[in-house]
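A short reminder: the numbers here are calculations on the coordinates, not readings from a lab. Here the structure is a predicted model, which is why all the values come from computation and not from measurement. Neighbour counts run over all protein chains shown; Cβ positions are idealised from the backbone, glycine included.
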Amino acid sequence: MALPGLTPICGFTNPEDIELLPDGKTLLISQMGTMDGTTPGSLAMFDTEGGIITRLPQFTTESDEIWGSDSCRTPPGNAFSPHGIDLVQRADGRRELMVVNHGGRESVEFFEVIETSGMWQLAWRGCMVPPAGTYMNDVAALPDGELLVSHMYPRDAWTVGAMNFYLLRGMLGFDTGVVLRCTRAAACKAVAGSAAPFPNGIQVDPEGKTLFLNAYLADEVRKISLADGALLGTATVKAPDNSQWSQDGSLLVASHTASALEMSRCFEIRNGACGAAFEIVEVDPVTLHQRQLLAQRGAPMGAATVAQRVSDVLYIGSFAADRLLRAELPPPPVTPPAPRNP
């Protein structure tokens with residue numbers, strides 16, 4: 001039985017990242033296969049008002065319009081395995097979805113999000129393949145058309161069995177990766193000041209001047225100037241995964257509060273949901289002050305990777321679950337009036 005205010009919504013496959021479409025009610029969801037790309041995943045939509053899940057088809061046709069590199073003119077096909085996503089409005093007014101993909105190739109895939117008679121569709125518009133050895137987690141669009149990607153650690157860590165080495169390095173405080181700034185033609189360079197132990201979720205302010213980087217194994221959300229790499233501040237958040245902008249301009253951060261051993265067991269989940277402890281934390285992007293919105297462990301779902309707010313409800317995803325978690329937000333705390341002078 002779900003706890004009061006928490007409702008599981010079953011029928012998904014590892015809903016790792018979530019974006020809210022402009023209608024204010026439809027969630028666009030990245031359903032991750034496996035992190036090494038050997039198992040495909042998919043994209044899905046969820047109507048929060050009607051409760052309808054729409055599984056989007058794989059992409060097998062070439063595009064006549066390319067928003068990425070000229071050398072990438074073929075969709076990833078059935079190997080497609082999405083991870084982090086970002087939804088933006090382009091300068092020409094059209095909506096673009098950027099998707100980190102591990103299946104078949106390590107790439108950022110570009111899709112146009114099209115609304116026709118109240119129905120949403122995706123059209124593949126090309127891709128960007130980063131430099132060899134890059135292993136991405138999340139993506140964030142910049143106003144000038146370029147993009148940022150978080151590079152966690154070398155791509156071959158999976159194939160040579162070096163994963164534990166990089167995790168140990170990160171836990172000891174050593175940097176394992178960096179954020180890359182890339183053009184559509186895949187010219188990438190490291191963002192100054194962004195080296196971190198396991199760079200995870202990233203977000204950019206609307207002006208494209210500030211990077212918010214979740215340094216997973218450093219237990220920090222870092223605020224970094226994109227102009228010069230200056231560290232503008234940090235918020236201490238245990239193992240921060242993905243961040244999402246809330247309607248009020250705050251950052252919603254999914255935090256893993258379980259032990260590393262408990263989190264590792266989530267990868268063994270094949271049915272149901274991992275119950276590893278997590279928190280959803282609201283972070284003020286100016287002051288970096290934070291407030292806990294939810295703390296959860298066990299059923300109906302744990303191991304949260306992302307929280308997306310729709311009105312007074314959080315929709316929470318996970319990398320190891322067959323469900324979303326719907327969480328009703330409590331009313332904000334009331335500040336008592338100051339006492340009057342006698």
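Structural remarks
- Restricting the first member to region 311-330 and to residues that are closer than 16 Å to G84 by Cα, and the second to residues that are among the acidic types (D, E) and buried (at least 24 other Cβ atoms within 10 Å of the Cβ), the beta-carbon pairs closer than 9 Å and six or more apart or on different chains are G317/E16; G317/D17; S318/E16; F319/E16; F319/D241.
- Residue check for T183: among the hydroxyl-bearing types (S, T, Y), in contact with a Pro (Cβ under 8 Å, 6 or more places away or on another chain) and either touching a residue at least 24 places away in the same chain (Cβ under 8 Å) or surrounded by 16 or more Cβ atoms within 10 Å (Cβ to Cβ) (or both): no
- Taking the listed residues W124, W120, W67, the one that is over 27 Å from M152 (Cα atoms) and hydrophobic (A, V, I, L, M, F, W, C) is W120, with no other qualifying.
- Among the conditions (1) within 18 Å of the chain's Cα centre (by Cα); (2) crowded, with 19+ Cβ neighbours inside 10 Å, W124 misses just one, which is (1).
- Qualifying positions in region 192-230 - within 30 Å of D70 (Cβ to Cβ), surrounded by 23 or more Cβ atoms within 10 Å (Cβ to Cβ) and either free of Cβ contacts under 8 Å to residues at least 60 places away in the same chain or over 17 Å from the mean Cα position of the chain (by Cα) (or both): S194
- Pair list, Cβ under 8 Å, 6 or more apart: region 111-126 residue on the phi > 0 side of the Ramachandran plot, other residue crowded, with 17+ Cβ neighbours inside 10 Å and among the aliphatic types (A, V, I, L, M): G126/I66
- In region 247-275, the residue that is surrounded by the fewest Cβ atoms within 10 Å (Cβ to Cβ) out of those that are among the hydroxyl-bearing types (S, T, Y) and within 15 Å of A304 (Cβ to Cβ) is T257.
- Pick from region 195-206, criterion touching a Pro at 6+ places or on another chain (Cβ under 8 Å) and assigned to a strand (DSSP E or B), ranking: farthest from L87 (Cα to Cα): N200
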